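Where a number appears in this text, it was derived from the coordinates with a stated rule and is not lab data. Since the structure is predicted, the reported quantities are computational estimates derived from the model, not experimental observations. All Cβ positions, even for glycine, are placed from backbone atoms using ideal geometry, and neighbour counts span all protein chains on display.
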Amino acid sequence: TVRASALQDGFDNAGLQIGLTDAEATGAFVVLDVTEAVLDEAIALGYNLVNRIIAYFKGYKSITGKDYVERCILKAIKNDIVIYSAH
């Protein structure tokens with residue numbers, strides 16, 4: 001579990017964003033933002049961890065795939081990909 005630190009702003013959503021905490025990493029991408037292309041490449045390579053640097057997921061009340069962020073969330077969940085935010 002990642003805890004907020006004195007260096008983290010209140011709006012920062014650092015830590016595990018999507019996925020299971022006990023998943024064993026098979027490979028990792030470090031990216032600025034999660035896109036469908038990033039997830040497609042991770043799936044093709046058999047990687048299951050995407051570490052995003054700065055991008056933010058906003059709060060959602062439903063996930064229906066209506067925009068690229070929601071499609072990324074659904075694709076990550078369907079493919080057991082863990083998304084972790086470093087910032």
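What shape does segment 14-87 have by the C-alpha gyration tensor, where a ≥ b ≥ c are the square roots of the eigenvalues, rounded means a/c under 1.5, and otherwise prolate means a/b greater than b/c and oblate the rest? Since a/c stays below 1.5, the shape of segment 14-87 is classed as rounded. Test of the criteria: in segment 13-87, which trypsin sites (Lys or Arg not before Pro) are in a DSSP loop and have at most 11 other Cβ atoms within 10 angstrom of their Cβ? Qualifying residues, ordered by number: 58, 61, 66. Listed by chain and number, the lysines whose alpha-carbon sits under 16 Å from that of residue 75, ignoring those within fewer than 8 places in the same chain, are 66.
Applying the Karplus relation 6.51 cos²θ - 1.76 cosθ + 1.60 with θ = phi - 60° to segment 25-30 yields 3J(HN,Hα) values of 5, 9, x, 9, 10, 10 Hz, where x marks Gly and Pro.
Find how much the distance from residue 61 to residue 23 grows on full extension, using 0.36 nm per residue of separation minus their present alpha carbon separation; answer in nm with one decimal. Please list the in-between numbers first.
Numbers: separation 38, 0.36 × 38 = 13.68 nm, distance 2.55 nm.
Full-extension gain reported as 11.1 nm.
Around the amide H of residue 17, modelled in the peptide plane, lie the amide H atoms of 83, 84, 85, all under 5 Å away and 5 or more residues distant in sequence or on another chain. In sequence order, segment 68-77 has phi-based couplings of 5, 5, 5, 5, 5, 4, 4, 5, 4, 5 Hz under the Karplus curve 6.51 cos²θ - 1.76 cosθ + 1.60, θ = phi - 60°, and Gly or Pro positions carry x.
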